[in-house]
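Engineer: Take a look at this one; I'll ask things after.
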Amino acid sequence: MISSIRGDVLHVGTDHAVVEVSGFGLHVSATPKTLGELQRGTETRLHTSFVPRQDDAPLLFGFSELSERVIFTTLVSISGIGPRMALAVLAVHTPHEVHQAIAESDTAAFTKVPGIGKKTAQRILLELAGKLVIDQPAAPAAVVPAEPEVAVQVREALISLGWIEKDARLAVDRLLSAEPDLAQADVSTVLRQALRSLGGAR
């Protein structure tokens, strides 16, 4: 299996490019997106898929992104989906759009591809859903509220009076949880109440 090639671009056509590798010019079929990124006379590296054929010459397909090749090889593994149709899917949709269509069971997205009808689109959805790993949106990070400045100052005052940090933190947290308005009070007021809850100064 030829999984990638690197070489100079000799020619860029409407549906393929010719890349020279070790003195050999390889005919590489590709999507318009990949072809648009190639420039004659420059070096390129493509992810490739080699498709053998019984009655004709084998075909080599190239992709600028690995995700495109993954979708292509998965599509051609579906009965009735040939390499040309798989390439057409990637010519119409980006890998992200393919994943989105699968996640949303969007049959219409695949019927936009020339040559794919509703039944074929439904089969593609069914097959891809079982073979491709669908990206799930990450859960938003929990927002941790900032600790009131008065809580920090009162806790430090309690520690200076001899209370261990664990007890000082617990006393202040319980006090502000029971009376949230104290977060806006002055340090002396909160300190007095904290000392009262702890049983006085040490």
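Engineer: Please go through segment 154-174 and give me each residue that is crowded, with 20+ Cβ neighbours inside 10 Å and part of a helix (DSSP H, G or I), ordered by number.
Structural biologist: Scanning segment 154-174 gives Val154, Arg155, Leu158, Ala168, Ala171, Val172.
Engineer: List the number of the failed condition for Leu87; all other conditions in (1) surrounded by 12 or more Cβ atoms within 10 Å (Cβ to Cβ); (2) at pLDDT below 90; (3) not β-branched (Val, Ile, Thr) hold.
Structural biologist: (2)
Engineer: Also, quick follow-up: Report, ordered by the first and then the second residue, all pairs with beta carbons closer than 9 Å, sequence separation of six or more or different chains, a first member in segment 39-62 that is touching a residue at least 12 places away in the same chain (Cβ under 8 Å), and a second member that is acidic (Asp, Glu).
Structural biologist: That search, which allows pairs on different chains as well, returns Arg40/Asp8; Gly41/Asp8; Thr42/Asp8; Glu43/Asp8; Thr44/Asp8; Thr44/Glu37; His47/Glu65; His47/Glu68.
Engineer: Please state which one of Ala121, Ala101 is part of a helix (DSSP H, G or I), hydrophobic (A, V, I, L, M, F, W, C), modelled with pLDDT of 90 or more and out of contact with any Leu (no Cβ under 9 Å at 6 or more places or on another chain).
Structural biologist: Testing whether each residue is part of a helix (DSSP H, G or I), hydrophobic (A, V, I, L, M, F, W, C), modelled with pLDDT of 90 or more and out of contact with any Leu (no Cβ under 9 Å at 6 or more places or on another chain) leaves just Ala121.
Okay, residues lined up against (1) touching a strand residue (DSSP E or B) at 6+ places or on another chain (Cβ under 7 Å); (2) assigned to a helix (DSSP H, G or I):
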| site | (1), (2) |
| --- | --- |
| Ile2 | yes, no |
| Ser29 | yes, no |
| Lys33 | no, yes |
| Thr44 | yes, no |
| Asp55 | no, no |
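Engineer: Which ones in segment 17-31 are in contact with a helix residue (DSSP H, G or I) (Cβ under 7 Å, 6 or more places away or on another chain) and not small (Gly, Ala, Ser)?
Structural biologist: Thr31
Engineer: Which condition breaks for Ala178 when tested against (1) more than 30 Å from Ala91 (Cβ to Cβ); (2) at pLDDT below 85?
Structural biologist: (2)
Every residue, every condition in (1) at pLDDT below 90; (2) of a type in the set (Lys, Arg); (3) farther than 25 Å from Val92 by Cβ; (4) surrounded by 10 or more Cβ atoms within 10 Å (Cβ to Cβ), yes or no:
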position	(1), (2), (3), (4)
Met1	yes, no, yes, no
Asp8	no, no, yes, yes
Val18	no, no, no, yes
Gln39	no, no, no, yes
Leu46	no, no, no, yes
Val51	yes, no, no, yes
Ser64	no, no, no, yes
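Engineer: For segment 28-60, which residues satisfy the criterion of being out of contact with any Lys or Arg (no Cβ under 7 Å at 6 or more places or on another chain) and basic (Lys, Arg)?
Structural biologist: Lys33, Arg40, Arg53
Engineer: Can I ask one more? State yes or no: is Glu127 over 17 Å from Ser4 (Cβ atoms), modelled with pLDDT under 90 and in a helix (DSSP H, G or I)?
Structural biologist: Criteria met by Glu127.
Engineer: Which of the following residues is among the hydrophobic types (A, V, I, L, M, F, W, C) and free of Cβ contacts under 8 Å to residues at least 24 places away in the same chain: Ala86, Ala30, Ala17?
Structural biologist: Selected residue: Ala86, the only one of Ala86, Ala30, Ala17 that is among the hydrophobic types (A, V, I, L, M, F, W, C) and free of Cβ contacts under 8 Å to residues at least 24 places away in the same chain.
Engineer: Quick one: which of Gly7, Gly62 is within 25 Å of His99 (Cα to Cα) and either out of contact with any strand residue (DSSP E or B) (no Cβ under 6 Å at 6 or more places or on another chain) or assigned to a strand (DSSP E or B) (or both)?
Structural biologist: Being within 25 Å of His99 (Cα to Cα) and either out of contact with any strand residue (DSSP E or B) (no Cβ under 6 Å at 6 or more places or on another chain) or assigned to a strand (DSSP E or B) (or both) holds for just one of Gly7, Gly62, which is Gly62.
The values are calculated or read from the model by the stated rules, or taken from the named source; none is laboratory data. If you're wondering where the values come from, they're calculated on a predicted model, not measured in any experiment. So basically every Cβ, Gly included, is an ideal-geometry build from the backbone, and we count neighbours across all protein chains shown.
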